[in-house]
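Engineer: Structure in structure tokens, see below.
The values are calculated or read from the model by the stated rules, or taken from the named source; none is laboratory data. Please read these numbers as outputs of a predicted model, since none were measured by experiment. When we count neighbours, we look across all protein chains shown, and the Cβ atoms used for this are built from the backbone with ideal geometry, even at glycine. Areas reflect the complete protein model, heavy atoms only, side chains present, ligands, DNA and RNA absent. Shrake-Rupley method; radii C 1.70, N 1.55, O 1.52, S 1.80 Å.
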Amino acid sequence: MKPNYVSAAEAAKLIKSYDRVYIQGSTSIPEVLLDAITERASELKGVEMYSAFAVGRRDAPYATTELRDIFIPRSLFIANSVRKAVDRGEAQIIPCFLGEVPALFREGYLPLDVTLLNVSLPNEDGYCSYGISADLAVSAVECSKIVIAQVNKQMPFSYGDPLIHINDIAACVEVDDPLVEVPTAVPNDKEEKIGRFIAEQIPDGATLQIGVGGIPNAVLNALKDHKNLGLHTEAMTDGVLPLIKSGIINNSQKVVMPGKSVASLALGSRALYDFMDYNEDMVFKDVAWTNDPFRIRQNPKVMSINSAIEVDLTGQVCADSIGTRLFSGVGGQHDFMYGGALSEGGKTFIAMTASSGKGVSKIKPVLTEGAGVVTTRFQTQFVVTEYGGAYLKGKDLAQRAHALIAIADPAVREDLEKAACERFGYRFLREK
């Protein structure tokens, strides 16, 4: 069971022209392997490079103008490592719910030849863990002909789906490569207000799905007096650690995997990665499993908390684009908004500051031209800003407009009222 260690250059020789290659994501991009493959660029052509949510410490070395005829980047969720290439039109986007990507692999819509992994040292039984990135890697490995892996001393060993036996790896490259760390966002005053409002809506015994950033951390900070919370989420972050360590998150009321904190990937600091290492109370699963709305709904009181770039007066939510510019992806927002709405006692929240950092209102009469709808007006329940919460479920369009205007930046409320009056006419005025 001794790993078949080779140099990165030797491992890169397994990549052939026209191969379709999946690159593991989260904060565990196999950078050493990518550098070695890129160095072989003159020997290759037409290599399709698939990536999803992946936070790199730099731009992807294969996604450059000089190499655009050698490598074809295809993004399943736009992250920082390929965003510039997407903006230049040199990388392509495949629109999809993140939870549905494994089916694209398994059903042959996106056939794969090679998967590149960044894995832990093998355990005593010879199994390496994908550590912080189960998400798409589980299905990609299952569907690939060849697996090439960095065996990384820095990768934690996590339990659940992301395991591969050392004998099933075609080539192992020994590395000691620090994982990317995502700093814990410190909430500002506006975000703290949003966090307190949402926390007030969360009952004891709830199951949390929560994301990354200042607002999610503000929510978590405001849950310190809660009891018996559970965690079933897409991304595990540092923000949950104090609640887990204090026993506030103990997963005792969950139906799906009671007693376990469940996620598909991790984004955080070294402290989070160390806490995960050989921790049997934390389980990482294939994103098709974690993000299945009908599995999510089995847990009681699911609280789904997501963000938005902008929301229109009917409750349509854009979370992936700035006008026509695609900025990120749908991720799991739809899956958890749907599953949370179906859960007994569940609630769903779209949380955002009323205006952007540049002072532009995020509540608009209509979405910016070209903006994509991630959560439809038919699914939106709570929209929350620092000015309070607008509960939209069961409200007609004129009532929704009034509720959303009440939590918009005061500087734009008059303009929003004029737009709503033009759009909804008598009914809007009557509600007023």
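Engineer: As a test question: what accessible area, to the nearest 10 Å², does Val240 have when a 1.4 Å probe is rolled over all protein chains in place?
Structural biologist: The accessible area comes out at roughly 0 Å².
Engineer: In whole angstrom, and with the biggest value first, how far do the Cα coordinates of the chain range along each principal axis?
Structural biologist: Answer, in whole Å and largest first: 73, 48, 37 Å.
Engineer: Amide H to amide H, which residues 5 or more places from Leu163 or on other chains are under 5 Å from it, using H placed in the peptide plane?
Structural biologist: It is Tyr130, by chain and number.
Engineer: Moving to a separate point now. Could you give the accessible area per residue of the chain, probe 1.4 Å, as a whole number in Å²? Before the final figure, lay out the partial values.
Structural biologist: Working: 17420 Å² over 432 residues.
Solvent-accessible surface per residue comes out at 40 Å².
Engineer: If R0 is 22 Å, what FRET efficiency do you get for Val186 and Asp225 from their C-beta distance, rounded to 0.05? Before the final figure, lay out each step's value.
Structural biologist: Working: r = 21 Å, r/R0 = 0.94.
Efficiency, rounded to the nearest 0.05: 0.60.
Engineer: What is the gain in length, in nm to one decimal, between Glu39 and Gln201 on full extension, counting 0.36 nm per residue of separation less the C-alpha to C-alpha distance?
Structural biologist: Values: separation 162, 0.36 × 162 = 58.32 nm, distance 5.32 nm.
Taking 0.36 nm per residue and subtracting the Cα distance, the gain is 53.0 nm.
Engineer: In addition: Among the complete DSSP H segments of the chain, which ones combine at least 24 Å of alpha-carbon extent along their axis with a mean Kyte-Doolittle hydropathy of 0.5 or more?
Structural biologist: Working: long enough: none.
Going by DSSP H runs, there are no hits.
Engineer: Still on this structure, I have one more. Which entries in Lys153/Lys245; Lys190/Lys301; Lys84/Lys347; Lys190/Lys395; Lys190/Lys285 show an alpha-carbon gap greater than 28 Å?
Structural biologist: On the way: Lys153/Lys245 25 Å; Lys190/Lys301 26 Å; Lys84/Lys347 36 Å; Lys190/Lys395 26 Å; Lys190/Lys285 34 Å.
Over 28 Å Cα-Cα: Lys84/Lys347; Lys190/Lys285.
Engineer: Please check: in the Gaussian network model of the chain (C-alpha springs, under 10 Å), which one of Glu43, Glu280, Glu174 has the largest mean-square fluctuation.
Structural biologist: Glu43
Engineer: Give me the aspartates and glutamates in straight-line cross-link reach of Lys227: C-alpha distance below 15 Å, same-chain residues under 8 apart excluded.
Structural biologist: List returned: Glu200, Asp204.
Engineer: Right, something else. Residue separation times 0.36 nm, minus the C-alpha to C-alpha distance between Asp168 and Lys153: what's the value?
Structural biologist: Working: separation 15, 0.36 × 15 = 5.40 nm, distance 1.89 nm.
Here the answer is 3.5 nm.
Engineer: What distance in nm separates the two pseudo spin-label positions at Arg58 and Ser246, each 7 Å out from Cα along the beta-carbon direction?
Structural biologist: The two pseudo-label positions are separated by 4.1 nm.
Engineer: Modelled label-to-label distance, Gln92 and Glu66, 7 Å Cα→beta-carbon offset: nm?
Structural biologist: In this crude spin-label approximation the distance works out to 2.5 nm.
Engineer: Whenever you get a sec, compute what percent of the accessible area on the chain sits on carbon and sulfur atoms (1.4 Å probe). Don't jump to the answer; show the numbers that get you there.
Structural biologist: Details: 8700 of 17420 Å².
Taking all protein chains in place, the chain shows 50 percent carbon and sulfur surface.
Engineer: Let me ask you something else. In whole percent, what relative contact order does the chain give with Cα contacts below 8 Å and a gap of six or more residues? Write down the numbers at each step before the final one.
Structural biologist: Details: 1081 pairs, mean separation 55.6, N = 432.
Computed value for the chain: 13 percent relative contact order.
Engineer: What is the gain in length, in nm to one decimal, between Ala406 and Lys16 on full extension, counting 0.36 nm per residue of separation less the C-alpha to C-alpha distance?
Structural biologist: Values: separation 390, 0.36 × 390 = 140.40 nm, distance 5.80 nm.
Taking 0.36 nm per residue and subtracting the Cα distance, the gain is 134.6 nm.
Engineer: Next question, about the same structure. Compute, for Phe53, the solvent-accessible surface of its heavy atoms (probe 1.4 Å) with the complete set of protein chains present, and express it in square angstrom to the nearest 10.
Structural biologist: For Phe53, solvent-accessible area is about 60 Å².
Engineer: Would you grab the residues whose amide H sits under 5 Å from the one on Met236? Only those 5+ places off in sequence or on another chain, please, with H modelled 1.01 Å from N.
Structural biologist: The list, which skips near neighbours in sequence, is Ser264, Leu265, Ala266, Leu267.
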